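Peer 1: Dumping the structure here so I can ask a few things about it.
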């Protein structure tokens, strides 16, 4: 009986030593961390909208953090429309974000310029509460806030003042 007890204690001791050795060896292994940030130069990304819009997002620099993307010298375009800005911030999951700094919106029949605009690429909507200048045919329209729906084209400008050329 004593031999069985001593043999059991011996095996438990060996088991504990092996376990601690494996644990210490595992702790010294190098670990890989998945980086959630990144950047790239001269990039182009394709994004698909709900109403069949296919957007091409281009920029001189792209920075990502998780699902958020920031484009420097941004150009967001479909076959008919363009949004240009100094910076554009887009969430890759929702395709929503904003553009800021010399924001220009160009369509087949209009041109708009503002400082900041919220954008929804899935829905094809652009809006903002900043001053806007809209050029359409031979007239300029100045306003305090705006909303543009691309398909079908619908432009709303609040507190609008029209200047005919």
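Bear in mind these aren't lab numbers, they're just calculated from the coordinates by the rules spelled out. Just so you know, these numbers come straight off a predicted model, no measurement behind them. Because the Cβ atoms are built from the backbone with ideal geometry, glycine has one as well, and the counts that use them run over all protein chains shown.
Peer 1: Using the 10 angstrom Cβ neighbour count as an exposure proxy, how do 162, 148 rank, fewest first?
Peer 2: The most exposed by this proxy come first: 162, 148.
Peer 1: On to the next question. Treating region 38-131 as a set of equal point scatterers at the Cα positions, no solvent, please give the Debye-formula log₁₀ I(q)/I(0) at q = 0.13, 0.17 Å⁻¹.
Peer 2: -0.37, -0.65
Peer 1: How much mean residue ellipticity at 222 nm does the chain get from its helices, if each DSSP H run of length 4 or more adds -39500 (n - 2.57) and you divide by all residues, to the nearest 500 deg cm²/dmol?
Peer 2: That comes out to -5500 deg cm²/dmol.
Peer 1: Angle between the Cα long axis of helix 2-27 and the longest principal axis of the chain, 0 to 90 degrees, nearest 10?
Peer 2: Long axis of 2-27 versus the principal axis of the chain: about 30 degrees.
Peer 1: Along Cα→Cβ, 7 Å out, is where each label goes; now give me the distance between the ones at residue 45 and residue 113 in nm to one decimal.
Peer 2: Those two pseudo-labels are separated by 2.8 nm.
Peer 1: Suppose R0 equals 30 Å. What FRET efficiency, 1/(1 + (r/R0)^6) with r the Cβ-Cβ distance, do residue 158 and residue 80 give to the nearest 0.05?
Peer 2: 0.75
Peer 1: While we're looking at this one, here's another question. For residue 17 and residue 104 in one chain, what is 0.36 nm times their gap in residues minus the Cα-Cα distance, to one decimal in nm?
Peer 2: Between residue 17 and residue 104, full extension yields an extra 24.4 nm.
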